[in-house]
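The values are calculated or read from the model by the stated rules, or taken from the named source; none is laboratory data. Remember, it's a predicted structure, so these values are computed and weren't measured experimentally. Ideal geometry is used to build each Cβ from the backbone, glycine not excepted, and the neighbour counts take in all protein chains shown. With ligands, DNA and RNA removed, areas are computed over all heavy atoms of the protein, side chains included. Shrake-Rupley method; radii C 1.70, N 1.55, O 1.52, S 1.80 Å.
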Amino acid sequence: MEIILLKQICIMFLLIAIGILLVKKRYLSEQGGKDLGTILLRAVIPCVIVKSYLTEYSPERARDLAIAIALALLALAVAIAVSYICFGTRGRIENFGAAFCNVGFIGIPLIQAVLGDGGVFYLAGFIAFLNILQWTYGVLIMTGDASAIRMKAISTNPVVISVIIGMLIFFLRIPIPQVVTSTLSNMANLNTPLAMIILGTYLAKMDWKEIFTVKSAYFCVLVRLVVIPAATLFVLLMIPGVKADIKKVILIGCSTPVGSNIAIFAKQYDKDYKLSVVVVCLSTLLCVITVPVFYMFVEKFI
């Protein structure tokens with residue numbers, strides 16, 4: 001499994017390199033990168049999520065889904081608690097960055113590679129609640145102002161909507177025509193290359209010297225890639241009677257690097273945009289080492 005994971009990460013980094021090359025050769029503009037990000041967040045990832053729910057209903061799968069959502073909430077609570085202990089309100093960018101991982105862009109491709117679409121079925125709740133918490137608790141951490149929280153951003157969030165649609169299809173056993181499932185599959189296949197090319201656009205705009213010389217970024221990345229996954233693994237080891245695959249999905253998700261949304265939030269709320277991009281880039285580069293190593297421990301103990 002570790003070899004599969006390492007191969008997938010290598011593929012992802014080659015795709016990131018393509019994104020960097022496209023920007024450097026001026027085949028992809030900054031606005032083009034933003035447009036690709038919009039397509040990914042508003043169309044491709046929702047299709048991945050809905051597709052994962054196109055599976056036969058059974059009481060056992062429904063129970064497993066409920067367990068996966070409960071464990072996802074627990075993992076997010078661990079991440080938020082550890083981040084707050086480490087950074088509090090004195091390091092708002094670092095707090096946000098460590099608390100919220102890139103489970104959509106990087107978690108989905110990794111879990112698809114290791115566990116298939118069944119893994120994404122368990123991951124969907126994690127993605128939905130991460131988005132909800134980003135637009136509530138995350139906004140509060142970033143701004144220190146509860147009035148900045150906009151419930152409309154949650155109710156119109158395409159990821160949240162897609163999870164609701166997927167659950168309705170699953171629980172109500174709604175039949176879906178073959179032409180629709182094929183369309184969803186084709187859209188879902190865009191997720192990995194599109195997400196990695198977009199991350200490549202971030203890296204292309206950065207001075208590589210800056211990525212490795214911003215000292216304050218290293219502790220944030222350490223907490224995100226090492227401390228939080230280790231703490232989550234410790235907590236999940238104390239919970240018996242849960243399928244190993246469900247735990248693996250949650251643990252792979254929580255081991256992913258800093259979510260790229262931090263750069264959007266930093267710019268929107270006039271925070272340290274440079275630091276936000278640095279922690280995204282640095283954690284993404286280092287996860288090629290940390291994720292496979294962490295998964296070795298997961299395979300050993302789970």
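Structure notes:
Let's see how each residue does on (1) of a type in the set (D, E, K, R); (2) under 25 Å from Pro158 (Cα atoms):
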position: Ile4; (1), (2): no, no
position: Cys10; (1), (2): no, no
position: Ile16; (1), (2): no, yes
position: Val23; (1), (2): no, no
position: Leu40; (1), (2): no, yes
position: Ile45; (1), (2): no, yes
position: Val48; (1), (2): no, yes
position: Lys51; (1), (2): yes, yes
position: Leu54; (1), (2): no, yes
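- Answer residue from the stretch 105-164, given it is over 19 Å from Gln268 (Cα atoms) and aromatic (Phe, Trp, Tyr) and is nearest to the chain's Cα centre (by Cα) among those: Phe105
- Criterion violated by Cys47 - all others in (1) open to solvent by less than 60 Å² (accessible area, probe 1.4 Å); (2) under 18 Å from Gly259 (Cα atoms) satisfied: (2)
- Qualifying positions in the stretch 201-220 - of a type in the set (A, V, I, L, M, F, W, C) and open to solvent by 90 Å² or more (accessible area, probe 1.4 Å): Trp208, Phe212, Phe219
- Helices (runs of 4 or more DSSP H) fully within the stretch 186-300 that include at least 3 residues being modelled with pLDDT under 85: 191-204, 208-213, 261-268.
- Set Ser255, Ser260, Ser182: member being in contact with a Pro (Cβ under 9 Å, 6 or more places away or on another chain), within 28 Å of Leu115 (Cβ to Cβ) and polar (S, T, N, Q): Ser255
- Number of residues in the stretch 1-30 that are assigned to a helix (DSSP H, G or I) and among the basic types (Lys, Arg) equals 2.
- Sole exception among (1) open to solvent by 10 Å² or more (accessible area, probe 1.4 Å); (2) within 18 Å of the chain's Cα centre (by Cα) for Tyr269, by number: (2)
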